[in-house]
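Here the structure is laid out as structure tokens; the discussion comes afterwards.
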Amino acid sequence: MSILVYAELRDGAVRPVTREALGEAKRLAATLGGPVTVVACAAADASFAALGEAGADKVLFAQHAAFARYDSAGHAAAVAAAAKAVGAKAVLIPASAAGKDLAPRVAALLGVGMAGDCTALDASGGKLVATRPVMAGKAYEKLAFPLSPAVVTLRPKNFAAAAPEAGKAAAVEAFAFTWDAAAPRAVVTGVSGESGGKVDLTEAEIIVSGGRGLKAPEHFALIENLAAALGATVGASRAVVDAGWRPHGEQVGQTGKTVSPKLYVAVGISGAIQHLAGMSSSRCIVAINKDPEAPIFKVADYGVVGDLFEVVPALTDAIQKLH
Amino acid sequence: MLQVVCVKQVPDSDTRVKVAADGRTLDPNGVTLVLNPYDEFAVEQSLRVKEALAAGEVVAVSLGNAGVQTTLRNVLALGADRAIHLKSDTPAPDALAVAKALAEAIKGLDAGLVWLGKSAIDDDGAQVGPMLATLLGRPCVTNVCKFELAGNVAKVEREIEGGREQLEVPLPAVFTTDKGLNEPRFASLKGIMAAKKKSIEERPVDLGAPNVERLALELPPPRAAGRIVGEGAGAVAELVRALREEAKVL
Ligand SMILES: Cc1cc2nc3c(=O)[nH]c(=O)nc-3n(C[C@H](O)[C@H](O)[C@H](O)COP(=O)(O)OP(=O)(O)OC[C@H]3O[C@@H](n4cnc5c(N)ncnc54)[C@H](O)[C@@H]3O)c2cc1C
């Protein structure tokens, strides 16, 4: 019996979402029973023993030359084999771009169902129940797992990483798994950073989003300046994405990204139901809009009624003065 | 080349959620059903590939009750050649059950490309595509936002945190489509007329026991009422104070 966690790595380093998954695994292990085992798919050892500090008891190191980058088929084979080897009751995978791709493949290999993008897990009744948003957060469903293991992906920023146990090392074991790397598969040939290493919307602490109220693409400089002052990531409404002012990756909403930062600032966005669906679970929402009747004010904790071309520069100025 | 495009009928994005009396499902009253928006990119890409090759056939597949034939008819109007309706009067219990039914239908088709939307906007699952690929034992790329066919290899891109991945995939393969891949077309009058004569083959399916069980569907807790801190640039000082002292987010 074990709780298995997939360690998401980027360039050999453990991503923060992995620590969140480990923190949750440790909490679940208290009721479901441990230990917490990590499966790390990599081409070379990246001192995985240090994962002990984040909550891992043991690390299964699935090594393959093809694992210098994310490999959908290979990682799925390794994780499914690891789940079987340790008799996992639950398999926890970060709901990142890679994790969302990986988890359904692992579930299909194991012949079980899964719950994606979970915002809470509960094992108090001795069985795992997952809570996850549907319709981009317009509702939440609670799911139980008739089959074992339960495969779940954890939405970034919803689970607390464990307080580091300084000096605790995890036992690292080489993990042998069968996988036919010669079978036809998708191979990552390159990775390009289009947003210059900025924090992704789904992982951002603060988001400043702009809408059609900005009137022209060049006025997004106002949004970018405010975002820079706040250390925030830039988001957008669909209206401005469809107009070609902003890239698709920045769209927040039911057909864009669902986000839950600690602070969401909506500038010149009316608050259509599809937009609200994607951001209403943010901890604190600020709306800046000249129309006092705009629906965005219904979900905003703090609203400023006014012309964004005056309010936003003044706000940027005030934030800069705080530093 | 034969291509398959898997489509789902979903409540449209304007839907205001009401939970049904069973406490587990969406109240269907007043809900308009449409083609899943992400599936539009899948349909469009299959048609573009067919047009570029000037050959082959696009087969649309959908699982659901008799009502999904409206959506299949729409896809035929957009340009798909024929459709298969996997008929089940009970709602699909979970993604694995759907993927198994689709795999069973697609296995015998010799499809070079299988297309699905990256997720459905009702359950936001994003599971059926990669599950289907795994069951079929075929390569798969999810969330494709750029696609190019070079002979028997597809060169694609997908969005990841802070950037994009480029991938190469030998066919036959399965792809799920993201926004940005293409601009979906609208059905033409000619297409709508032609669709009336195209075939929708019905095949009853048994979805089996659930692999995941929904215990409850709940609305999110309502947000506490907020306030207007003021008007114009003059409100900024109070806003910053509130964000620091009340909300403690700065
Ligand atoms: C299938 C479907 C899916 C969709 N998915 C999404 C989605 O994922 N995300 C999304 O965002 N939308 C989505 N939409 C679109 C949505 O319905 C709205 O059309 C869109 O969100 C509107 O964008 P907006 O708020 O920027 O523009 P508008 O609605 O035009 O609002 C602009 C706002 O700016 C304000 N404004 C104008 N000038 C100023 C000024 N000088 N100072 C201050 N305020 C000003 C106006 O008062 C207004 O409230 C979807 C729609 C459909 C049909």
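The values are calculated or read from the model by the stated rules, or taken from the named source; none is laboratory data. All of these numbers come straight from a predicted model, not from anything done at the bench. Using ideal geometry, Cβ is built from the backbone for each residue, glycine included, and neighbour counts are taken over all protein chains shown. Accessible surface is based on the protein model in full, side chains and every heavy atom, while ligands, DNA and RNA are left aside. Shrake-Rupley method; radii C 1.70, N 1.55, O 1.52, S 1.80 Å.
Suppose accessible area is computed on protein heavy atoms with a 1.4 Å probe; arrange B:Glu168, A:Glu8 from highest to lowest.
B:Glu168, A:Glu8
Using a 1.4 angstrom probe on the protein heavy atoms only, line up A:Arg15, A:Arg238, B:Arg158, B:Arg203 by accessible area, largest first.
Details: A:Arg15 30, A:Arg238 125, B:Arg158 5, B:Arg203 70 Å².
Ranked from most to least accessible, the order is A:Arg238, B:Arg203, A:Arg15, B:Arg158.
Using the alpha-carbon atoms, what tilt in degrees (0 to 90, nearest 10) does helix A:72-85 show relative to the longest principal axis of chain A?
Computed tilt is about 50 degrees.
Under a cut-off of 18 Å between alpha-carbon atoms, report the aspartates and glutamates in cross-link reach of B:Lys87, not counting same-chain residues fewer than 8 places apart.
B:Glu104, B:Glu201, B:Glu202, B:Asp206
Out of all DSSP beta bridges in the range A:2-174, what portion is antiparallel? Express it as a percent rounded to 5. The partial results should precede the final answer.
On the way: 11 of 38 bridges.
Of all bridge pairs located within the range A:2-174, approximately 30 percent are antiparallel.
Taking a temperature of 10 °C and a viscosity of 1.306 mPa s, what whole-number D in µm²/s does Stokes-Einstein yield for the protein assembly as shown with Rh from Kirkwood over alpha carbon pairs?
In µm²/s, the coefficient is 65.
Loop-only check: which trypsin sites (Lys or Arg not before Pro) in the range A:178-236 are DSSP coil with at most 14 other Cβ within 10 angstrom?
Hits after loop and neighbour filter: A:Lys215.
Ordering A:Lys257, B:Lys197 by accessible area with a probe of 1.4 Å, largest first, what comes out?
The most accessible residue leads, giving B:Lys197, A:Lys257.
Please label the shape of chain A as rounded, prolate or oblate, based on the square roots a ≥ b ≥ c of the eigenvalues of the alpha-carbon gyration tensor (a/c under 1.5 means rounded; beyond that, a/b larger than b/c means prolate, else oblate).
Taking the square roots of the gyration eigenvalues as a ≥ b ≥ c, chain A is prolate.
Counting DSSP beta bridges in chain B, what percent are antiparallel, to the nearest 5?
40
Report the relative contact order of chain B, percent, no decimals, based on alpha-carbon pairs under 8 angstrom and at least 6 residues apart. Let's see the in-between values first.
Details: 476 pairs, mean separation 60.4, N = 250.
About 24 percent, as a whole number.
What residues in the range A:270-293 lose 30 Å² or more of accessible surface when the other protein chains are added to their chain alone (1.4 Å probe)?
For the range A:270-293, once contacts with the other chains are taken into account, A:Ile273, A:Gln274, A:Arg283 lose 30 Å² or more.
For the range A:201-322, what does the alpha-carbon gyration tensor say about shape, rounded, prolate or oblate, given a ≥ b ≥ c as the root eigenvalues, a/c under 1.5 as rounded, and a/b over b/c as prolate?
rounded
Enter the accessible area per residue of chain A (Å², integer; probe 1.4 Å; all protein chains in place).
Working: 11720 Å² over 323 residues.
Per residue, chain A has an accessible area of 36 Å².
Between A and B, buried accessible area summed over both sides at probe 1.4 Å, in Å² to the nearest 100?
On the way: alone 14990 and 14480 Å², together 22770 Å².
Separately minus together, A and B give about 6700 Å² buried.
Please report the relative contact order for chain A, taking Cα pairs under 8 Å with a sequence separation of at least 6, and give it as a percent rounded to a whole number.
15
Averaging sequence separations of C-alpha pairs under 8 Å and six or more residues apart, then dividing by the length of the range A:53-199, give the relative contact order as a whole percent. Write out the running numbers ahead of the final one.
Details: 217 pairs, mean separation 53.3, N = 147.
Relative contact order for the range A:53-199 comes out at 36 percent.
Out of all DSSP beta bridges in the protein assembly as shown, what portion is antiparallel? Express it as a percent rounded to 5. The partial results should precede the final answer.
Numbers: 39 of 120 bridges.
That works out to approximately 30 percent antiparallel.
Return the single residue from B:Glu104, B:Glu202, B:Glu238 with maximal mean-square fluctuation; model: Gaussian network over chain B, springs between Cα atoms under 10 Å.
B:Glu238
Would you mind giving the three semi-axes, in whole Å and largest first, of the ellipsoid equivalent to chain B according to its Cα gyration tensor? All intermediate terms of the calculation are to be shown ahead of the outcome.
On the way: eigenvalues 275, 118, 71 Å².
The three semi-axes for chain B are 37, 24, 19 Å.
Span-like helices, chain B: DSSP H, alpha-carbon axial extent 24 Å or more, mean Kyte-Doolittle -1.0 or greater, which ones?
Numbers: long enough: B:37-53 (25 Å, -0.42).
Going by DSSP H runs, the hits are B:37-53.
Within the set A:Lys157/B:Lys18; A:Lys89/B:Lys107; A:Lys198/A:Lys262; A:Lys127/A:Lys257, which residue pairs have Cα atoms separated by over 23 Å?
Result: A:Lys157/B:Lys18; A:Lys89/B:Lys107; A:Lys127/A:Lys257 exceed 23 Å.
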